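Peer 1: My questions will all concern the structure given below.
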Amino acid sequence: MDNNISSSALLDKIFTITQNLYKEMSKTDSDAEDDHNTIYRLLTDLGRTLVNADRASFWKWDKRSRSLWTTAAVGAGRITIPEGTGLVGKALAEKRAIVTNDPYNDPDFNSDVDKKTGYVTKSILVMPISDCKGEFIGAYQAINKLGDGGFDLEEDVRRLSLAAFICGITLESDSFLDDSRHDKLTELKNRMGFYSDYDKIYSKILTDNENVRNISLFICDIDFFKKVNDTYGHNAGDAVLKHVAEHFRRNSRICDGIYRWGGEEFIVVLPDTDAVQAADAAERLRICIMESVCHFEELDIKVTMSFGVTQLDSSKSIEENIKVADEKLYTAKENGRNRVIL
């Protein structure tokens with residue numbers, strides 16, 4: 001960006017970005033998440049322009065994973081840090097905008113990215129972003145004020161407020177969408193999350209004829225789960241569901257998709273995995289659950305699970321593929337439970 005950009009050129013640049021924003025927000029025929037990512041990039045560029053910064057990034061506070069990560073970063077790739085760390089974490093914790101024009105002597109500045117890339121950070125402005133309820137959900141960060149001097153806490157925050165306000169609205173909408181795709185009890189993705197991932201990820205793998213890859217899935221449920229609820233109460237049943245979900249998270253690959261399908265049923269999707277390998281993974285999970293104990297209040301509750309496994313057939317719909325796995329799950333239940341059927 002030109003350090004001596006004229007007022008008319010600045011306004012023209014701002015109007016161009018806001019026009020593109022309007023076009024993106026008016027789209028009706030594309031994926032909401034993709035739209036939001038484009039909007040974040042445009043808003044980040046708008047904020048960078050408003051405060052005349054060299055770089056900028058917009059951070060989302062992902063409370064589910066207890067991390068902060070950049071939804072858009074102009075001039076840098078995606079960065080993820082633990083919540084409560086760095087200048088972004090400090091701004092969110094203290095609920096105030098922060099400026100440092102001497103970052104390398106600031107104890108809250110993390111210089112790791114600079115060390116890796118060779119970039120030299122001279123000044124930083126961080127502005128926390130809130131939703132309509134006043135709860136902070138993210139932050140805007142501008143880096144290296146162009147021209148003489150560094151960021152001004154009062155003037156640059158005033159300039160940045162427009163981009164930050166629209167970012168907050170967009171992030172809140174994004175959070176609502178994300179929440180709708182997650183199960184509140186187990187924090188796994190739900191059925192809506194499964195279909196979203198299938199459309200965006202798994203179906204594309206299945207239909208890629210140039211790069212043939214296997215995908216398998218298994219559907220499973222907790223044996224005699226109704227008995228747990230009837231014997232110990234629904235709170236105990238909820239504890240068992242969270243217990244199972246946590247073991248699935250711990251014992252699955254990062255690339256695997258884990259979903260609460262409904263009630264006591266779960267689905268796990270395994271990319272780059274054939275049916276035999278998926279059955280082996282299911283067997284490991286079956287043993288893990290069987291040997292674990294769910295501690296609830298003064299109770300120690302043990303459960304087992306049954307599994308039906310299939311490799312996805314690209315000639316069938318996802319519903320037909322799930323039906324195949326579900327029939328094998330039914331066979332597992334009919335043949336004594338606590339087993340994997342391939």
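Peer 1: Do you know which residues across the stretch 59-87 are in contact with a helix residue (DSSP H, G or I) (Cβ under 6 Å, 6 or more places away or on another chain) and modelled with pLDDT under 85?
Peer 2: Thr71, Ala72, Val74, listed by residue number.
Peer 1: Quick check on Val88: is it under 20 Å from Asp156 (Cβ atoms), part of a strand (DSSP E or B) and either among the aliphatic types (A, V, I, L, M) or not assigned by TED's automatic domain parsing to the domain that holds Tyr140 (or both)? Show your work before the answer.
Peer 2: Values: under 20 Å from Asp156 (Cβ atoms): yes; part of a strand (DSSP E or B): no; either among the aliphatic types (A, V, I, L, M) or not assigned by TED's automatic domain parsing to the domain that holds Tyr140 (or both): yes.
Taking the combined requirement at face value, the residue does not satisfy it.
Peer 1: In the stretch 209-241, which residue that is surrounded by fewer than 20 Cβ atoms within 10 Å (Cβ to Cβ), within 25 Å of the chain's Cα centre (by Cα) and not in a helix (DSSP H, G or I) is modelled with the highest pLDDT?
Peer 2: My answer is Asn214.
Peer 1: Is there a residue in the stretch 23-32 that is over 19 Å from the mean Cα position of the chain (by Cα), at pLDDT below 85, surrounded by 14 or more Cβ atoms within 10 Å (Cβ to Cβ) and over 25 Å from Glu154 (Cα atoms)?
Peer 2: Yes - at least one qualifying residue is present in the stretch 23-32.
Peer 1: Take the conditions in contact with a Gly (Cβ under 6 Å, 6 or more places away or on another chain), among the polar types (S, T, N, Q), surrounded by fewer than 20 Cβ atoms within 10 Å (Cβ to Cβ) and assigned by TED's automatic domain parsing to the domain that holds Tyr140 and apply them to Asn110. Does it pass? I'd like the intermediate steps shown before the answer.
Peer 2: Values: in contact with a Gly (Cβ under 6 Å, 6 or more places away or on another chain): yes; among the polar types (S, T, N, Q): yes; surrounded by fewer than 20 Cβ atoms within 10 Å (Cβ to Cβ): yes; assigned by TED's automatic domain parsing to the domain that holds Tyr140: yes.
Answer is yes for this residue.
Peer 1: Next question, about the same structure. Which ones in the stretch 145-156 are surrounded by fewer than 21 Cβ atoms within 10 Å (Cβ to Cβ) and of a type outside the set (D, E, K, R)?
Peer 2: Scanning the stretch 145-156 gives Leu146, Gly147, Gly149, Gly150, Leu153.
Every residue, every condition in (1) outside the structural domain of Asp156 (by TED's automatic domain parsing); (2) among the polar types (S, T, N, Q); (3) surrounded by fewer than 20 Cβ atoms within 10 Å (Cβ to Cβ); (4) closer than 26 Å to Leu42 by Cβ, yes or no:
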site	(1), (2), (3), (4)
Ala56	no, no, no, yes
Arg66	no, no, yes, no
Asp102	no, no, yes, no
Ser123	no, yes, no, yes
Pro128	no, no, no, yes
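Peer 1: Could you please let me know if Lys316 is surrounded by 18 or more Cβ atoms within 10 Å (Cβ to Cβ), among the charged types (D, E, K, R) and either under 26 Å from Met192 (Cβ atoms) or in contact with a Phe, Trp or Tyr (Cβ under 9 Å, 6 or more places away or on another chain) (or both)?
Peer 2: No; evaluated as a whole, the condition is false for this residue.
Peer 1: Taking the stated definitions as given, is Asp274 touching a residue at least 60 places away in the same chain (Cβ under 8 Å) and within 30 Å of the chain's Cα centre (by Cα)?
Peer 2: Numbers: touching a residue at least 60 places away in the same chain (Cβ under 8 Å): yes; within 30 Å of the chain's Cα centre (by Cα): yes.
Considered against the rule, which asks whether it is touching a residue at least 60 places away in the same chain (Cβ under 8 Å) and within 30 Å of the chain's Cα centre (by Cα), Asp274 comes out as yes.
Peer 1: Further question: List pairs: first in the stretch 117-131 and farther than 14 Å from Ala53 by Cβ, second assigned to a strand (DSSP E or B) and of a type in the set (Gly, Ala, Ser), Cβ under 7 Å, 6+ apart or cross-chain?
Peer 2: Listed by first residue and then by second, the contacts come to Pro128/Ala139; Ile129/Gly138; Ile129/Ala139.
Peer 1: Out of the residues in the stretch 153-184 meeting the condition of being free of Cβ contacts under 8 Å to residues at least 60 places away in the same chain and touching a helix residue (DSSP H, G or I) at 6+ places or on another chain (Cβ under 8 Å), tell me which one is farthest from Phe136 (Cα to Cα).
Peer 2: That would be Arg181.
Peer 1: Quick check on my filter: what residues within the stretch 190-208 are of a type in the set (D, E, K, R) and either surrounded by 12 or more Cβ atoms within 10 Å (Cβ to Cβ) or in contact with a helix residue (DSSP H, G or I) (Cβ under 6 Å, 6 or more places away or on another chain) (or both)?
Peer 2: Arg191, Asp197, Asp199, Lys200
Peer 1: Being touching a residue at least 24 places away in the same chain (Cβ under 8 Å) and farther than 24 Å from Glu94 by Cβ is the filter; apply it to the stretch 136-148 and report the residue that is nearest to the chain's Cα centre (by Cα).
Peer 2: Applying the filter and picking the extreme gives Leu146.
Peer 1: Shifting gears a bit: Kindly provide the set of residues from the stretch 298-335 that are in contact (Cβ under 8 Å) with a residue 60 or more places away in the chain, assigned to a helix (DSSP H, G or I) and either hydrophobic (A, V, I, L, M, F, W, C) or within 17 Å of Leu206 (Cβ to Cβ) (or both), ordered by number.
Peer 2: Matches in the stretch 298-335: Ile318, Asn321, Ile322, Ala325, Leu329.
Peer 1: Give just the number: which of (1) outside the structural domain of Ile39 (by TED's automatic domain parsing); (2) more than 25 Å from Gly84 (Cβ to Cβ); (3) surrounded by fewer than 17 Cβ atoms within 10 Å (Cβ to Cβ) does Lys184 not satisfy?
Peer 2: Failing condition for Lys184: (2).
The values are calculated or read from the model by the stated rules, or taken from the named source; none is laboratory data. Worth saying up front: this structure is predicted, and the values here are computed from it rather than measured. Positions of Cβ are generated from backbone atoms using ideal geometry, with glycine treated the same way; all protein chains shown enter the neighbour counts.
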